[in-house]
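A short worksheet on the structure shown next.
The values are calculated or read from the model by the stated rules, or taken from the named source; none is laboratory data. Predicted, not measured: the structure shown is a model, and the values here were computed from it. A quick note on method: Cβ atoms are made from the backbone with ideal geometry, for glycine too, and the neighbour counts reach across all protein chains shown.
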Amino acid sequence: MLDPRFVYLAVALSALGATGYIRDTLRGLTAPNRVTWTLWGLEGLLAFGVESQQNVGLARWMTLALGVVPIVVVAASFRDRRAVWRLGAFDFVCGVISVAGIVFWAVVNEATVAIVAFIVADQVAALPTFRKSWRAPESETHWVFFLGCANCVITVLTLKVFTTAGVVYPGVIAVSDLVLALVIAMRLGPRWRSSRTLSTTP
């Protein structure tokens with residue numbers, strides 16, 4: 001396991017990825033989905049509160065970054081009209097389901113059920129950005145997600161004791177961020193559509 005102080009490296013990587021993403025958003029090069037990023041911010045702050053209560057340790061500061069960065073991204077998206085991704089019914093439905101999951105997490109008394117509800121809420125919140133990245137990878141910046149994956153892996157490895165609250169949330173985010181980064185960087189959506197077009201061309 002890593003020295004707990006490595007969590008500061010994780011926070012630094014988070015700040016580096018966030019700086020690049022916010023810069024591209026301010027320049028109109030990246031158009032974050034506000035539904036996803038708003039819910040990610042809310043979930044990160046709530047998870048930070050839970051981890052603080054459960055004495056997770058230094059790793060909770062990485063979770064705090066997972067809450068603060070999305071809020072700054074959403075704020076940056078209001079500076080340039082080009083940085084606004086047009087929302088549709090799918091985005092709002094995912095938002096409502098995610099909020100319902102968060103509410104369920106807040107009221108349920110069973111710890112395991114609660115953490116599963118929270119993770120489901122987080123992943124449903126991510127669906128609009130996954131969909132956007134598949135359709136228009138040029139509207140995203142992949143490095144923030146690669147660094148996000150690294151942040152979460154480092155954070156988990158700094159834990160002295162593996163607890164559900166300390167491991168599951170950053171672990172799921174690590175996998176989700178890696179997949180999202182690959183979808184964007186490799187332009188998998190356009191490549192898949194192009195291959196389908198070629199296969200159906202007589």
**Prompt:** Among the candidates R196, R131, R191, R86, which residue alone is in a loop (DSSP other than H, G, I, E, B), out of contact with any strand residue (DSSP E or B) (no Cβ under 7 Å at 6 or more places or on another chain), free of Cβ contacts under 8 Å to residues at least 60 places away in the same chain and among the basic types (K, R)?
**Reply:** R86
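Out of G189, G88, G171, I need the residue that is over 14 Å from the mean Cα position of the chain (by Cα), surrounded by 15 or more Cβ atoms within 10 Å (Cβ to Cβ) and not hydroxyl-bearing (S, T, Y). Which one?
Values: G88 fails: surrounded by 15 or more Cβ atoms within 10 Å (Cβ to Cβ); G171 fails: over 14 Å from the mean Cα position of the chain (by Cα).
Answer to the check: G189.
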**Message:** Looking only at the range 1-41, how many residues end up being more than 12 Å from T155 (Cα to Cα) and not in a helix (DSSP H, G or I)?
**Reply:** 7
**Message:** Being in a loop (DSSP other than H, G, I, E, B) and at pLDDT 85 or above is true for just one of F78, F104. Which residue is that?
**Reply:** F78
**Prompt:** Of all residues in the range 1-48, which are buried (at least 23 other Cβ atoms within 10 Å of the Cβ), more than 17 Å from F146 (Cα to Cα), modelled with pLDDT of 90 or more and out of contact with any Ser or Thr (no Cβ under 7 Å at 6 or more places or on another chain)?
**Reply:** V35
**Lone unmet requirement of (1) within 13 Å of the chain's Cα centre (by Cα); (2) in a helix (DSSP H, G or I) for V156** = (1)
**Request:** Would you check if F146 is modelled with pLDDT under 95, farther than 17 Å from L39 by Cα, in a helix (DSSP H, G or I) and out of contact with any Ser or Thr (no Cβ under 8 Å at 6 or more places or on another chain)?
**Result:** yes
**Request:** Confirm whether A117 is among the small types (G, A, S), modelled with pLDDT under 90 and under 23 Å from V175 (Cβ atoms).
**Result:** yes
